[in-house]
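Peer 1: Got a structure here, written out as structure tokens. Questions coming.
The values are calculated or read from the model by the stated rules, or taken from the named source; none is laboratory data. Fair warning: this is a prediction, and the values are worked out from it, not measured in the lab. Quick reminder, even Gly has a Cβ in these numbers, built from the backbone with ideal geometry, and neighbours come from all protein chains shown. The protein model used for the area step is the full one, side chains on, heavy atoms only, and it has no ligands, DNA or RNA in it. Shrake-Rupley method; radii C 1.70, N 1.55, O 1.52, S 1.80 Å.
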Amino acid sequence: MEVNVERIRPRLRGDVYVMRVPEGAYIRSNLGGSMLKGASTYEWIQRIAPLLDGTRTLGELCAAVPEQSRAALAKLTLLLLGKGYVKNVLDDRPHTLTADLARTYAANIAFIEYFVDSPELRFERYRDGAVVLAGAGPLLQALANSQLRSGVRTVSVAPFAESPFDRDRVAEHLAAARALDPDQQVAYLGADADDRLVAGAAMVLHVADRPMIERALRLPRAARAADAAFVQAVAVGDEAWIGPVIGKDGDATAWESAWRRLRALAPDLAGADLRDHPELAPSEFLRGPTVALVANQLCFAAFRHLTGIDQGQAADQLVRFDLETLETATHAFLPHPLALPAVPDDPARLAVLCTAPPVDDEELGRRAVDCVDARTGVFAEITERDYEQLPLFVSEVVVSDPVGLVGGPFPVHGYGESVVESRQRAVRRAFERYAAVMTDSRKGDRLHGVDVLTGEPVEVEAAAVFPARTAVSGADWSEAVRAAVVAAAGAGVGAALATATAPLPRLDLDGGELTARAARYRKLLDIVDQPFEIYDLSALLGLPTFAFTTPEATVACVSGLEAGAALEQGLELTLLAYQSQAAKQPGYAPQPVPDLPAALRGEPRPDPGRSGVWPSPVTLDEVVARLTREGGRVVAVPLDHDPRVARLCPFVAQAVVVHG
């Protein structure tokens, strides 16, 4: 294909380096290296490099050299263009940057050029932009220095009072900067009112050498109201948290979301109360070059944003800077519901749930990736730790405490016959438990659910829903509703046992056909020599319900719509209880259940081989009728007070009995 040389204005990138080698020339830049063969290649590159300054088109360059050299010049230039060492700047927008300033800030301009077009114009706009620096102490001093060295013409500084601010030191930084760029200056602003501080700013940069959390929450909103971008660095303990970058059209609540996620996994963090703490001393490691490194990172984030390099990116990420080790790590976070404006509980969402596509365990596991971060995640980690993995595989997910309802992060466990299954179950359980403790009280005292039989919307007292002690989920809404009703019925086992007067029959497993998995669990319990007994509580609760006991304790009480599934789950929990005890790992032991008193432990029914010894299956309607025998209706309430997490795992429900 013929190339229009008048549509190419070539410019050699500033970091290109060429070295003579026996094969010809080796050329490299930050984009990588290439070998260009040919005895005269090195000399040709050296000759044409000064011409590739972006001021002339390739056609004009060819016209300026002897005719016999034009083809070689065009061919080599196009080769360098194709490999990325030369850039076509024909469409770059004009600028008024002087040649002296372009040379002074050549490295800054070259960096911009790697990512976007018109680097000189972008740098010029960055230089002339109104950037306000707010904060205190050495961090603010270092930030002013970083901004001067980045090329900003006027550095506007608004010092706060919690740490001493040395204006003389900033004057020294300015004097050094003006030796290269005489137009630079520093202006001081009052920090007494947020609206005056951010007025007219293109971007606000805030630094705090201690947890000034109330201010850190307030300033992004003020900047957003003034149509300004925002980014900050807040030191807490021996760490500094940098970001996220909030564009002028961005989400002013992003930093609050990040902080709430952070404290949900670290409730003892200084500033977890969302208040300023000027009385706390800065970290002993926040001094000398460490101060400059934090300031430089913040300045760099602002530079990237204002020059358009990362426009629209990093709005959901924080950078953690360890002040002792100087290590950095990036932490992603999801919006936190309490950082966002309150949204009333909407009954219309109930109809959407009924028609929403299913989400199976495999898909849910993929979605969970967005929730995992050791410091700012909904879940801190998914792991097997050092848990024993025989006879069952065991996985753990650490779940955050999003609104402080349970006193801090907590583990949930999944178990199964493979590590994939144990992880998938752990993830599902983690979503359930998170939804159970994520309540937004701003939604009011009344929430909306659906009558499980009629599908009618019903109002429910919020106090009857949260914390949701029997929260369960399903692959779709109907499955979640069934599971929620069964869980609500099974939760009454303690009260039922308290009223029981006659011994409950012991179940003979030979009286019916076990599922294949249940049969394996039974065999494994026999292999490990774990004695157990099963008692039938179905008559007490109105659905197949069994208590599983060992010589040590009652280890499980399980209900289901049909006996086979309930027995399978109970045998699995009995095996898990054995594994936990044998490995001395109580962390993943089954949740405690009401003890079955010895007086209620009866003998097997007679004629165990005859049909009908196992409880008959029941319908959902029958379970509901049992739950409402004293009146009322059973209502399934979706646990979706975290909208973003609810989109990932939409079918989590709590069933409650509503009277009146």
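Peer 1: Determine the equivalent ellipsoid of segment 175-292 by diagonalising the alpha-carbon gyration tensor, then write out the semi-axes as square roots of 5 times the eigenvalues, largest first, rounded to whole Å.
Peer 2: The answer is 26, 20, 13 Å, longest axis first.
Peer 1: Still on this structure, I have one more. Amide H to amide H, which residues 5 or more places from Gly151 or on other chains are under 5 Å from it, using H placed in the peptide plane?
Peer 2: Close amide H contacts, sequence-distant or interchain: none at all.
Peer 1: Taking loop as defined by DSSP and a crowding limit of 13 other beta carbons within 10 Å, which trypsin sites (Lys or Arg not before Pro) in segment 571-660 fit? Numbers along the way, then the final one.
Peer 2: On the way: sites: Lys584, Arg601, Arg610, Arg626, Arg629, Arg633, Arg644, Arg647; in loops: Lys584, Arg610, Arg629.
Counting only loop positions with at most 13 other Cβ atoms within 10 Å, the trypsin sites (Lys or Arg not before Pro) in segment 571-660 are Lys584, Arg610, Arg629.
Peer 1: In addition: Rg to Rh ratio, segment 61-179, alpha-carbon atoms and Kirkwood radius?
Peer 2: Ratio of gyration radius to Kirkwood radius for segment 61-179: 1.19.
Peer 1: On a 0 to 90 degree scale, rounded to 10, what angle separates helix 167-178 from the longest Cα axis of the chain?
Peer 2: Once rounded, one gets 50 degrees.
Peer 1: Tell me, what is the percent relative contact order of segment 94-215, built from C-alpha pairs under 8 Å that lie six or more residues apart? Before the final figure, lay out the partial values.
Peer 2: Working: 173 pairs, mean separation 34.6, N = 122.
Relative contact order, segment 94-215: 28 percent.
Peer 1: Give, in whole angstrom and from largest to smallest, the semi-axes √(5λ) of the equivalent ellipsoid of segment 385-468, with λ running over the eigenvalues of the Cα gyration tensor.
Peer 2: 32, 17, 7
Peer 1: In whole Hz, with x marking every Gly and Pro, tabulate ³J(HN,Hα) for segment 270-284 from phi via Karplus 6.51 cos²θ - 1.76 cosθ + 1.60, θ = phi - 60°.
Peer 2: Taking θ as phi minus 60°, the curve returns 4, x, 5, 7, 6, 10, 6, 10, x, 6, 7, 7, x, 4, 5 Hz for segment 270-284.
Peer 1: Ok, one more. Rounded to the nearest 500 deg cm²/dmol, what is the calculated helix-only ellipticity per residue at 222 nm for the chain, with -39500 (n - 2.57) per DSSP H run of length n ≥ 4?
Peer 2: My calculation for the chain gives -10500 deg cm²/dmol from helical runs alone.
Peer 1: Going by average Cβ density within 10 Å per residue, which order do the peptides 388-399, 94-105 take, highest to lowest? Don't skip to the end; give the middle numbers.
Peer 2: Numbers: 388-399: 21.0, 94-105: 13.6.
The packing order, highest mean first, is 388-399, 94-105.
Peer 1: Using alpha carbon centroids, what distance separates segment 431-457 and segment 330-347, in Å?
Peer 2: Distance between centres, Cα-based: 16 Å.
Peer 1: Provide the packing ranking of 417-424, 380-387, 480-487, i.e. peptides ordered by the mean count of other C-beta atoms within 10 Å per residue, highest first.
Peer 2: Top of the packing list down: 480-487, 417-424, 380-387.
Peer 1: If one takes the longest principal axis of the Cα atoms in the chain, at what angle in degrees, from 0 to 90 and to the nearest 10, does the Cα axis of helix 563-582 lie?
Peer 2: 70
Peer 1: Could you work out the mean projected area of the convex hull around the alpha carbons of segment 425-508, in square nanometres to one decimal?
Peer 2: If you wrap the Cα atoms of segment 425-508 in a convex hull and average its projections, you get 8.3 nm².
Peer 1: What residues qualify as long-range amide H neighbours of Gly135, i.e. H under 5 Å apart, gap of 5 or more or another chain, H built at 1.01 Å from N?
Peer 2: Ala158, Phe160, Val207
Peer 1: Using alpha carbons only, how many angstrom separate the centre of segment 261-291 from the centre of segment 503-521?
Peer 2: 56
Peer 1: If you don't mind, there's one more thing I want to ask. Cut-off under 12 Å on the C-alpha distance; same-chain residues fewer than 8 positions from Lys37 excluded. Which aspartates and glutamates are left, in chain and number order?
Peer 2: Candidates past the 8-residue exclusion: Glu23.
Peer 1: For segment 16-51 and segment 137-198, write down the distance between their C-alpha centroids in whole Å.
Peer 2: 44
Peer 1: Once a ≥ b ≥ c are taken as the square roots of the eigenvalues of the Cα gyration tensor of segment 468-516, is the result rounded (a/c under 1.5), prolate (a/b larger than b/c) or oblate (a/b not larger than b/c)?
Peer 2: Taking the square roots of the gyration eigenvalues as a ≥ b ≥ c, segment 468-516 is oblate.
Peer 1: Let me know the shape class of segment 455-551, please: from the alpha-carbon gyration tensor, a ≥ b ≥ c as square roots of the eigenvalues, rounded when a/c is under 1.5, otherwise prolate if a/b is greater than b/c, or oblate.
Peer 2: Prolate.
Peer 1: Can you work out ³J(HN,Hα) from phi for every residue in segment 362-367, in order, using Karplus 6.51 cos²θ - 1.76 cosθ + 1.60 and θ = phi - 60°, giving whole Hz and x for Gly and Pro?
Peer 2: Listing the rounded values in order: 5, 5, 4, x, 5, 5 Hz.
Peer 1: Now a separate question. What label, among [x] 65, 31, 23; [y] 37, 30, 25; [z] 45, 28, 24, belongs to semi-axes √(5λ) of the Cα gyration tensor in Å computed from the structure on display?
Peer 2: So the calculated entry is the one marked [x].
Peer 1: Return the Rg/Rh value of segment 1-67, two decimal places, where both radii are evaluated on C-alpha atoms and Rh is the Kirkwood radius. Don't skip to the answer; put the middle values down first.
Peer 2: Values: Rg = 13.1 Å, Rh = 13.1 Å.
My calculation puts Rg/Rh at 1.00.
Peer 1: Within the set of other residues whose C-beta is less than 11 Å from the C-beta of Asp251, count the net charge using Lys and Arg as +1 and Asp and Glu as -1.
Peer 2: The answer is -1.
Peer 1: Here's something else I'd like to know. I'd like the carbon and sulfur percentage of the solvent accessible area for the chain, probe radius 1.4 Å, heavy atoms only, ligands and nucleic acids excluded.
Peer 2: With neighbouring chains kept in place, the figure for the chain is 52 percent.
Peer 1: State the dimensionless ratio Rg/Rh of segment 261-334 (Rg: radius of gyration of Cα atoms; Rh: Kirkwood radius). Before the final figure, lay out each step's value.
Peer 2: Values: Rg = 14.5 Å, Rh = 14.5 Å.
With Rh from the inverse mean 1/r over Cα pairs, Rg/Rh is 1.00.
Peer 1: Another one. About its Cα centre, how strong a charge dipole does the chain have in debye, to the nearest 20, once Lys and Arg get +1 and Asp and Glu get -1 at the Cβ?
Peer 2: 1880
Peer 1: Continuing with this model, one more query. In terms of modelled amide H atoms, which long-range or inter-chain residues lie less than 5 Å from the amide H of Asp276?
Peer 2: Distant-sequence amide H within range of Asp276: Ile213, Glu214, Arg215.
Peer 1: Also, quick follow-up: Between the helical axis of 516-527 and the dominant principal axis of the chain, each derived from Cα atoms, what acute angle in degrees is found, rounded to the nearest 10?
Peer 2: Orientation of helix 516-527: about 80 degrees from the principal axis.
Peer 1: At 1.306 mPa s and 10 °C, plugging the Kirkwood radius over alpha-carbon pairs of segment 31-131 into Stokes-Einstein gives what diffusion coefficient in µm²/s?
Peer 2: For the chosen part, D equals 103 µm²/s.
Peer 1: May I ask for the Kirkwood hydrodynamic radius of segment 166-209, worked out over all distinct Cα pairs and given in angstroms to one decimal?
Peer 2: Kirkwood radius, segment 166-209: 12.5 Å.
Peer 1: Let me ask something additional. Considering only the other residues whose Cβ falls under 15 Å of the Cβ of Ala144, what net charge follows from Lys and Arg at +1 and Asp and Glu at -1? Please report the intermediate quantities before stating the final value.
Peer 2: Numbers: positive: Arg149, Arg153, Arg167, Arg169, Arg178; negative: Asp166, Asp168, Glu172, Asp181, Asp209.
The answer is 0.
Peer 1: Could I ask something else about it? In whole percent, what relative contact order does the chain give with Cα contacts below 8 Å and a gap of six or more residues?
Peer 2: 9
Peer 1: Find the accessible area per residue for the chain; the probe is 1.4 Å, ligands and nucleic acids are left out, and the unit is Å².
Peer 2: Roughly 45 Å² per residue, with all protein chains present.
Peer 1: I would also like to ask the following. With the Cα gyration tensor of segment 504-660 giving a ≥ b ≥ c as the square roots of its eigenvalues, does the rule (a/c under 1.5 for rounded; else a/b larger than b/c for prolate; else oblate) give rounded, prolate or oblate?
Peer 2: oblate
Peer 1: Next up: Relative contact order for segment 449-594: what percent, with Cα pairs under 8 Å and sequence separation of 6 or more? Could you put the intermediate results ahead of the total?
Peer 2: On the way: 186 pairs, mean separation 25.6, N = 146.
Relative contact order comes out at 18 percent.
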